[in-house]
Every structure is written in structure tokens, then in C-alpha cells.
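Novice: Take this structure, written in C-alpha cells, and hold onto it; I'll ask about it next.
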Amino acid sequence: MRGSDCEPLRADGRAAPGEPLVRLAGLARSFAEGDRVRVVLENLDATFDRGQLIVLVGRSGSGKSTLLNLISGIDRPTGGTVTVDGTDLTKLSEHERTLFRRHRVGFVFQSFNLIPTLTVLENLLLPMELRGARDDDRARDLLDRVDLLDRSDSFPDRLSGGERQRVGVARALAHAPILILADEPTGNLDYDTGVRVMDLLETVVRERGKTMIVATHDRDLLERADRIVHLSGGTLKEE
């Protein structure tokens, strides 16, 4: 999957409509482990279009979570560039990348990453408030769609793992991001709940033209994908 030259940008700096939302060019990430260097990603090129549901597969330890962290700007590459919606994240400071995620990226974390001192509802309202666009009705609607409206006033430590994951999914959608990244979103859910959560995520992609990249071992998700990409040996291959 080879990328091409930079995309034309609109006057506001965002990629022009119809151009790839995400572009990875020569992407590399390695980690120092004692006296050795472990290469996770190496010279990776790829583009992901708007309105697509992309399923990312690969064995444990292949770098799927690392790749999602780079695309979101949580982590920085050791080489290459990550461009999302016309913005080269590798040129941004850590604070600027945080602001970028706050406005344009929703992330479903495998480890939930809920704020323990906030209620379920407050966890959804926080990303809205950080954008200056609090919407209680939207937050409650999202909780209703993941069957957790009745737990709005509960704290995360009173929820099961599956319930916390559903809160994480709702929170990722709360601020209407253009890009949704999900790391094993159904890993802590029973089959029926996993289907309902993926139905919600897929609806957001299909009806609102969002882009979603899902890293998963769940083979049932492959049937939903517009594209399936396999991460192995530090590079991506189309399945």
C-alpha cells in the first residue's frame, strides 16, 4: 500500500473533499529495550479514505495499538509522517496534538481510560465541554444507544468491564469526531452486546461519513469492513 505525494488542501488547511482522510508516509516506530532496539513499524505507507470502515488485523504484538496511537497523535513516530485531514501531526507539539484529538479524533481504548472521579454521564460530557459544546441531550442519547442510560450517575468502578467498554464507545462519539479509532472495541463484551456496539459504530460511519479504523482479533468484524489490512513485519498488506 504505497502513498503518493501530498494532497491538495483547502484554505482552512484541511484536506480537500474526496481526498484520503489519513495518509501515512514512510512511517516508522521503534523502541529501545535495554541495549537493543525493537522495530515495530518500518517504512509504512498507507492511505485511508473518508467514510470507510477499516479493520486492522495482525497477531498480538504486531504493532496494531502502536499504529493507532500514532494515527491519533498520542505517540510520535521515529520516522515518517502522519497526516490526518490535511494536518501533519508530526509537526505539532504535544499540546497541539492534544487539541487536534479533542476536536477531530474519537478513541475507543482497550483499557477503557475512563476518569474514575467522574460519573458515566460526566465522562461523556467532558470531551464536549473541552470543545466548548456541551450537549446533555446528545450524551444521554448515546448512553441510551449503548443501554447505559440508567447508569448515568454511576462511577466507573461500579461498572462491569463490558459496561465500561460501552461507556468508552459512547464517549468516543460524544464530540462528533471525523476519525474514530478503536482498539479491540468488542474485546470485553459478550457477543450480543458486541454486535449492538458495532452496529452503532457502523451506523456513525455509514450515515455521517466518518472514517473508522478498528484493530481487532474478532473475525466477525471482517464482514463489516470496507477494507481489511493486515499488519505484519512492520508493514501493512491488503487482504
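Nothing in this text is a laboratory measurement; each read-out follows from the coordinates by a stated rule. In this text the structure is predicted, and so the values were computed from the model without any measurement. Glycine also receives a Cβ, built like all others from the backbone with ideal geometry; neighbour counts cover every protein chain displayed.
Novice: Helix-derived [θ] at 222 nm for the chain: sum -39500 (n - 2.57) over DSSP H runs of at least 4, divide by residue count, nearest 500? Display every interim value, and only then the final one.
Specialist: Values: 6 runs with 73 residues, N = 239.
Computed mean residue ellipticity for the chain: -9500 deg cm²/dmol.
Novice: By a straight-distance test (C-alpha under 14 Å), which aspartates and glutamates pair with K64 as possible cross-link partners, with residues fewer than eight away in the same chain excluded?
Specialist: K64 reaches E42, D75, D183, E184, D218.
Novice: Continuing with the same structure: Go through 201-214, 131-144, 110-123, 170-183 and give me the packing order, highest mean Cβ count within 10 Å leading.
Specialist: Details: 201-214: 18.6, 131-144: 15.3, 110-123: 16.9, 170-183: 22.9.
The peptides rank, most packed first, as 170-183, 201-214, 110-123, 131-144.
Novice: Can you compute the modelled spin-label distance between R36 and S93, with each label point 7 Å from Cα toward Cβ, in nm?
Specialist: Distance between the two pseudo-spin positions: 3.8 nm.
Novice: Could you give me D for the chain, from Stokes-Einstein at 37 °C and 0.692 mPa s, where the hydrodynamic radius is the Kirkwood radius over C-alpha pairs? Units µm² s⁻¹, please.
Specialist: D = 179 µm²/s.
Novice: Now for a different question. So what's the angle, to the nearest 10 degrees on a 0 to 90 scale, between helix 120-130 and the longest Cα principal axis of the chain?
Specialist: 50 degrees
Novice: Angle check, please: helix 136-145 long axis (alpha carbons) against the longest principal axis of the chain (alpha carbons), in degrees 0 to 90, nearest 10.
Specialist: Rounded to the nearest ten degrees, it is 90.
Novice: How high is the FRET efficiency from R158 to E238, r the C-beta distance, R0 41 Å, rounded to 0.05?
Specialist: Values: r = 43 Å, r/R0 = 1.05.
Efficiency at R0 = 41 Å is approximately 0.40.
Novice: Let me make sure I get this right: for the range 101-224, a, b and c are the square roots of the gyration tensor eigenvalues over alpha carbons, sorted descending. Under 1.5 in a/c it's rounded, otherwise prolate if a/b > b/c, else oblate. Which is it?
Specialist: Working: a/c = 1.66, a/b = 1.18, b/c = 1.41.
Oblate is the answer for the range 101-224, as a/c is 1.5 or above yet b/c matches or exceeds a/b.
Novice: What shape does the range 61-145 take by its C-alpha gyration tensor, where a ≥ b ≥ c are the square roots of the eigenvalues and a/c under 1.5 counts as rounded, a/b above b/c as prolate, and the rest as oblate? Don't skip to the end; give the middle numbers.
Specialist: Values: a/c = 2.49, a/b = 1.70, b/c = 1.47.
In terms of gyration-tensor shape, prolate.
Novice: For R208, put the label point 7 Å out on the Cα→Cβ axis and report which residues of the range 129-156 keep their amide N under 15 Å from it.
Specialist: Residues 129, 131, 133-146 qualify, since their backbone N sits under 15 Å from the label point.
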